[in-house]
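Student: First the structure, then my questions, so here it is.
The values are calculated or read from the model by the stated rules, or taken from the named source; none is laboratory data. All values derive from a computational prediction rather than experimental measurement. Because the Cβ atoms are built from the backbone with ideal geometry, glycine has one as well, and the counts that use them run over all protein chains shown.
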């Protein structure tokens, strides 16, 4: 590559660029401007130039960010004398090497933490007779934060285009070939951009390009290296490393590639293929695996329809990765689905999930956030197990983080002592259900911490950034869900699971409710009210069947329930009837004998209804049925 800087430099046999000929000035055109703006972006590294005495003569912005020393404090000083640099933090060897060399060192960050830095040194040239050793650049130093490269992978960039390799493609500082999967669309755009830029210099080769830059008065240094490998007719002349690589390619993927593919396939198979369709709510689910295959496999999400037209959404993260993490994730997701069918409150569901996780083994832990949206009651209930809280965006664009106590992680037990571990920090003892009202037009957002964390941001700062990003968001649900990870600058070191729900509510004209006294006279009244509402909705063809089913449910509440009775009809994609009472004993479908005087009511409901069920509520229980919409018009 060629690195250009807008500073004059003398070249051997030439004069400083500012004394170039008029012909050269006329030929300059747009090349220097483009080279100064774009070619420096090909190598996103910290760049330092040193004079003949080892003092810094150039210190770019990336160097200031990496070492925590702004250019104003660096230029003119020796590297060892920079603020915070101890003699052991020697970036440039003394004496300077006669040729190109590389290595690693540890330097302090601005926050005081040590940083592992990889560096490369390139002698630029020797001063000529009479040249001042303190002028210009005699030694070019390039440096990069190795941790950042390992986490995010090496990146080739030009302007706003970047191609990133997997983090495990980095092989330290060894000259080892790496096969990097590339997004062909990004590669094509980057190639087109390079193709537009390079012809502006009018040069067919890197050597002539470098000479042209020197002629224009800008320093240039070719850091490329070309290696020619002889290939003979038999494999004995082929380098061993190349033979091994070729044999592995012919035989199939390497073991770690096969495991990575297995993790990916298992993860996709265990996650829901598409969100359910629920009246009054629209759901978008997004999963992005980690860049490193070994880090993928621990995050999951789900959306589960519940009785009463409600919707349960869940996100979770297993504290483990790879095949083991994906397998545990699948078991926990299945357990959540099974428990959700029983319709317990969120806190109770997490307690039951915690017991299941501990049965799987003490080493299996996870965080989880479980929320239930009720489009009829226009409210949301949520509970968390060591997980980041959800964000609720109002119809007016105001975003707020819901105050849901973190609770202990799944698998840690319902009550744990306080600890300083990151994933347990702030956890309460036990799980707590929090209920909040939800206005129509609101948006509920649940995510794992992979969306929030980055190299320079923890989960708390990421949650604040998420709230700011969601405030005033006007894009449709799917577009907003797809754009959010990029808008937040989320890193690629961890999985990302994201769930967004647009909460639109059930229109009030599609609902009706009646309070009924615990008296026998309420049975005919319930039948009459149901018939009148069906006629209003244009569903008179359902009247006979629905009246019969309503009679059975209200009678069951009078005989086996307690307290006041409430009946509710809801017109969704099916007709739903719910009968509430204060009794806690759930009815069971049983086979009535020939001489039994009871037990046939629920059999009739099971036969005539499309679906039916029962579950406990905070006050008692509800028995419900659903019937297909058979409009007689």
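Student: Limited to the range 305-323, what total is found for residues that are more than 16 Å from the chain's Cα centre (by Cα) and either at pLDDT 95 or above or crowded, with 24+ Cβ neighbours inside 10 Å (or both)?
Tutor: The total comes to 4.
Student: If we scan the range 494-514, do we find a residue that is in contact (Cβ under 8 Å) with a residue 40 or more places away in the chain and over 30 Å from residue 443 (Cα atoms)? It would help to see each step written out before you state the result.
Tutor: Restricting attention to the range 494-514, the residues satisfying the condition of being in contact (Cβ under 8 Å) with a residue 40 or more places away in the chain are 494-506, 510-514.
Applying the additional criterion that residues be over 30 Å from residue 443 (Cα atoms) yields 514.
Scanning the range 494-514, I find at least one residue that is in contact (Cβ under 8 Å) with a residue 40 or more places away in the chain and over 30 Å from residue 443 (Cα atoms), so the answer is yes.
Student: In the set 613, 593, which member is modelled with pLDDT under 90 and within 30 Å of residue 380 (Cα to Cα)?
Tutor: Values: 593 fails: within 30 Å of residue 380 (Cα to Cα).
613 is the lone residue from the list that is modelled with pLDDT under 90 and within 30 Å of residue 380 (Cα to Cα).
Student: Next up: Being at pLDDT 95 or above and either in the same structural domain as residue 355 (by TED's automatic domain parsing) or out of contact with any strand residue (DSSP E or B) (no Cβ under 8 Å at 6 or more places or on another chain) (or both) narrows it down to one of 438, 523, so name that one. Walk me through it before giving the result.
Tutor: Details: 523 fails: at pLDDT 95 or above.
Selected residue: 438, the only one of 438, 523 that is at pLDDT 95 or above and either in the same structural domain as residue 355 (by TED's automatic domain parsing) or out of contact with any strand residue (DSSP E or B) (no Cβ under 8 Å at 6 or more places or on another chain) (or both).
Student: State all residues of the range 493-506 that are closer than 18 Å to residue 299 by Cα and not in a loop (DSSP other than H, G, I, E, B); if no residue qualifies, say none.
Tutor: At the first step, the residues of the range 493-506 found to be closer than 18 Å to residue 299 by Cα are 493-500.
Once the filter is applied, which keeps residues that are closer than 18 Å to residue 299 by Cα and not in a loop (DSSP other than H, G, I, E, B), the range 493-506 yields 496, 497, 498, 499, 500.
Student: Follow-up question, since we're still on this one. For residue 575, state whether it is part of a helix (DSSP H, G or I), touching a residue at least 40 places away in the same chain (Cβ under 8 Å) and surrounded by 21 or more Cβ atoms within 10 Å (Cβ to Cβ). If you could, list the steps in order and put the result at the bottom.
Tutor: Details: part of a helix (DSSP H, G or I): no; touching a residue at least 40 places away in the same chain (Cβ under 8 Å): yes; surrounded by 21 or more Cβ atoms within 10 Å (Cβ to Cβ): yes.
No: the conditions fail for residue 575.
Student: Within the range 601-633, can you find the residues that are touching a residue at least 24 places away in the same chain (Cβ under 8 Å), surrounded by 14 or more Cβ atoms within 10 Å (Cβ to Cβ) and part of a strand (DSSP E or B)?
Tutor: Within the range 601-633, 613, 614, 615, 616, 621, 622, 623, 624, 625, 626, 627 meet the criteria.
Student: So which residues in the range 428-468 are in a strand (DSSP E or B) and in contact (Cβ under 8 Å) with a residue 40 or more places away in the chain? Working first, answer last.
Tutor: Step one: filter the range 428-468 for residues in a strand (DSSP E or B), giving 434-437, 442-447, 454, 457.
434, 435, 436, 437, 442, 443, 444, 445, 446, 447, listed by residue number.
Student: Residue 509 - would you say it is more than 30 Å from residue 301 (Cβ to Cβ), within 46 Å of the chain's Cα centre (by Cα) and part of a helix (DSSP H, G or I)? Write out each step before concluding.
Tutor: Details: more than 30 Å from residue 301 (Cβ to Cβ): yes; within 46 Å of the chain's Cα centre (by Cα): yes; part of a helix (DSSP H, G or I): yes.
Judged against the criteria, residue 509 is a match.
Student: Can I ask one more? Out of the range 57-110, which residues are in a helix (DSSP H, G or I) and either modelled with pLDDT under 70 or surrounded by fewer than 17 Cβ atoms within 10 Å (Cβ to Cβ) (or both)?
Tutor: The initial filter retains those residues of the range 57-110 that are in a helix (DSSP H, G or I), namely 61-67, 71-74, 79-81.
Passing the criteria: 61, 65, 71, 72, 73, 80, 81.
Student: If you scan the range 512-526, which residues turn out to be within 24 Å of residue 376 (Cα to Cα) and surrounded by fewer than 17 Cβ atoms within 10 Å (Cβ to Cβ)?
Tutor: 513, 514, 515, 517, 525
Student: Which members of the range 469-492 meet the condition of being under 15 Å from the mean Cα position of the chain (by Cα), surrounded by fewer than 19 Cβ atoms within 10 Å (Cβ to Cβ) and not in a helix (DSSP H, G or I)?
Tutor: Matches in the range 469-492: 489 only.
Student: If you don't mind, another one. Being out of contact with any helix residue (DSSP H, G or I) (no Cβ under 8 Å at 6 or more places or on another chain) and crowded, with 18+ Cβ neighbours inside 10 Å is the filter; apply it to the range 540-565 and report the residue that is modelled with the highest pLDDT.
Tutor: The first filter runs over the range 540-565 and keeps only residues out of contact with any helix residue (DSSP H, G or I) (no Cβ under 8 Å at 6 or more places or on another chain), leaving 541, 544, 557, 559-564.
Going one step further and asking which of them are crowded, with 18+ Cβ neighbours inside 10 Å, we end up with 557, 561.
Values: 557: 89, 561: 79.
Among them, the one singled out is 557.
Student: Within the range 324-343, how many residues turn out to be at pLDDT 90 or above and out of contact with any helix residue (DSSP H, G or I) (no Cβ under 7 Å at 6 or more places or on another chain)? It would help to see each step written out before you state the result.
Tutor: Going residue by residue through the range 324-343, those that are at pLDDT 90 or above are 335-340.
If we keep only those that are out of contact with any helix residue (DSSP H, G or I) (no Cβ under 7 Å at 6 or more places or on another chain) too, we end up with 337-338.
Total satisfying the criteria: 2.
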